[in-house]
1. Please pick out the residue among LEU174, LEU166, LEU150 that is surrounded by 14 or more Cβ atoms within 10 Å (Cβ to Cβ), under 18 Å from GLY79 (Cβ atoms) and not polar (S, T, N, Q).
2. When you go through GLY173, GLY97, GLY189, GLY196 one by one, which is the residue that is closer than 22 Å to ALA42 by Cβ and either more than 18 Å from the chain's Cα centre (by Cα) or part of a helix (DSSP H, G or I) (or both)?
3. Checking THR107 against (1) touching a strand residue (DSSP E or B) at 6+ places or on another chain (Cβ under 9 Å); (2) of a type outside the set (A, V, I, L, M); (3) open to solvent by 20 Å² or more (accessible area, probe 1.4 Å): exactly one of these is not met. Which one?
4. In region 1-20, what residues are more than 27 Å from VAL47 (Cβ to Cβ), within 21 Å of the chain's Cα centre (by Cα) and open to solvent by 40 Å² or more (accessible area, probe 1.4 Å)?
5. Of all residues in region 168-191, which are under 22 Å from PRO112 (Cα atoms) and not acidic (Asp, Glu)?
6. Out of ALA120, ALA195, report the one residue that is open to solvent by less than 60 Å² (accessible area, probe 1.4 Å), out of contact with any Ser or Thr (no Cβ under 9 Å at 6 or more places or on another chain) and aliphatic (A, V, I, L, M).
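The values are calculated or read from the model by the stated rules, or taken from the named source; none is laboratory data. Small disclaimer: the values here were computed from a predicted structure and weren't measured. Note: ideal-geometry Cβ built from the backbone for every residue, glycine included; neighbour counts use all protein chains shown. Heads up: the accessible areas ignore ligands, DNA and RNA and are worked out on the full protein's heavy atoms, side chains in. Shrake-Rupley method; radii C 1.70, N 1.55, O 1.52, S 1.80 Å.
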Amino acid sequence: MAKAPVPGLVKTRLCPPATHAEAARIAAASLRDTIDAVQGTARARPVLALAGELDSATGAVELRDALRGWTVLGQRGDGFPARLAAAHADTAAAHPGLPVVQIGMDTPQVTPDLLSEACAALDVADAALGMAEDGGWWVVGFRDPAAASLLELVPTSRPDTGARTLAALRTAGLRVASLPQLTDVDTMGDALRVAGSVPDSRFASSLPAGLRR
């Protein structure tokens, strides 16, 4: 799941201190690092569910090159919970018979090893969930993607979104594997902490020089 990194439409909570142009560059770098992690995950069939127009995005040429060979779908649905569920359904339709693991573009520190762990968890569990430090989640996966319809029932962008998601999955009788907790990037404070954990990444390099630690 990703939003096209268009200035003024993405990562606006980084502004200030970042400008809208700087926030879009940060978002583009975060997306590129996430694409690389997915690309490096063994046996993955990568899919991008995109909101917005890539042609208007910062780094559009580089992003299109990075997405060669990917299935790129438009996001659909009324509200973010519905778009999350629809992305699972559309991915399952494009790649029938496979489990689906879903992440966003807010955890540029994610690695192929972490994503492989999420995939492997679905060999023994019905679902896998990794919590974010802010109370949300950064990754969710389903052995049967139809079960992702449960995501429509959970409000997002709340400090209890992760807990509510876990409760919804367990109430439905799913066996849920827990994955490591990560920090997702919403504020500049988040961005600086994440960049410190991956100092050689595109993401870290994208932060305005005056803000880097």
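1. Unique residue meeting the criteria: LEU150.
2. Only one candidate passes the filter, namely GLY97.
3. The failed condition is (3).
4. Listed by number, the list holds a single entry, HIS20.
5. Selection gives VAL176, ALA177, SER178, LEU179, PRO180, GLN181, LEU182, THR183, VAL185, ALA191.
6. The match here is ALA120.
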